[in-house]
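Take a look at the structure set out below.
The values are calculated or read from the model by the stated rules, or taken from the named source; none is laboratory data. All of these numbers come straight from a predicted model, not from anything done at the bench. Positions of Cβ are backbone-derived with ideal geometry, glycine not excepted, and every protein chain shown enters the neighbour counts.
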Amino acid sequence: MLHNLEKAPGSANKNKKRIGRGPGSTDGKTSGRGHKGQNSRSGSKRRVGFEGGQMPIHRRLPKRGFKNIFRKEYAIVNLDDILNCKKIDQSKPITVAVLAESGLIRNMKLPVKVLGDGTLETALSIEAQKFSASATKKIQDAGGKATVIQ
């Protein structure tokens, strides 16, 4: 059992490389750092992306677009997804909690928006924070109810 465990053959620990120990070691004198220059000195550290004083690539390339800090993100669910989900009882009102239980929504912190992708024949009663115009039209045309909650 545990007292019989052995290392795998050939997996012996290698000795640490000893640098600066004379000319016979191939890593003596300058310890593999070459002669002079920034990287030969002790305490020499360069930040990520440093290119030796040349303008770094992240500053050479143009910046494009922007991200709106006031955007409102939604957890998106399509009507098609609701219809095809076997875990949802379509005779009862479909709430945010029901969508989360069925796995159609991952993040409960985000408000839910229902989109109108797919065809709807059955009357559904859906409660969500937001509906697209096409989703609202399809739900109402099928005789269902789209309720906006806060």
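Brief remarks on what is shown
- Of the residues making up the stretch 125-137, just one is surrounded by fewer than 18 Cβ atoms within 10 Å (Cβ to Cβ) and either under 14 Å from Asp81 (Cβ atoms) or of a type in the set (Phe, Trp, Tyr) (or both), namely Ser132.
- Any hit, the stretch 29-52, residues being under 30 Å from Gln140 (Cβ atoms) and of a type in the set (Ser, Thr, Tyr): no
- Apart from one condition, Thr122 fits all of (1) β-branched (Val, Ile, Thr); (2) crowded, with 17+ Cβ neighbours inside 10 Å; (3) in a loop (DSSP other than H, G, I, E, B); the exception is (2).
- Boolean, Gly20 is without any contact (Cβ under 8 Å) to a residue 24 or more places away in the chain, part of a loop (DSSP other than H, G, I, E, B) and surrounded by fewer than 11 Cβ atoms within 10 Å (Cβ to Cβ): no
- Checked against (1) at pLDDT 95 or above; (2) touching an Asp or Glu at 6+ places or on another chain (Cβ under 8 Å); (3) more than 16 Å from Thr147 (Cβ to Cβ); (4) not aliphatic (A, V, I, L, M), Tyr74 meets all criteria but (2).
- Boolean, Phe66 is aromatic (Phe, Trp, Tyr), out of contact with any Leu (no Cβ under 8 Å at 6 or more places or on another chain), exposed (fewer than 10 other Cβ atoms within 10 Å of the Cβ) and closer than 24 Å to Ile149 by Cα: no
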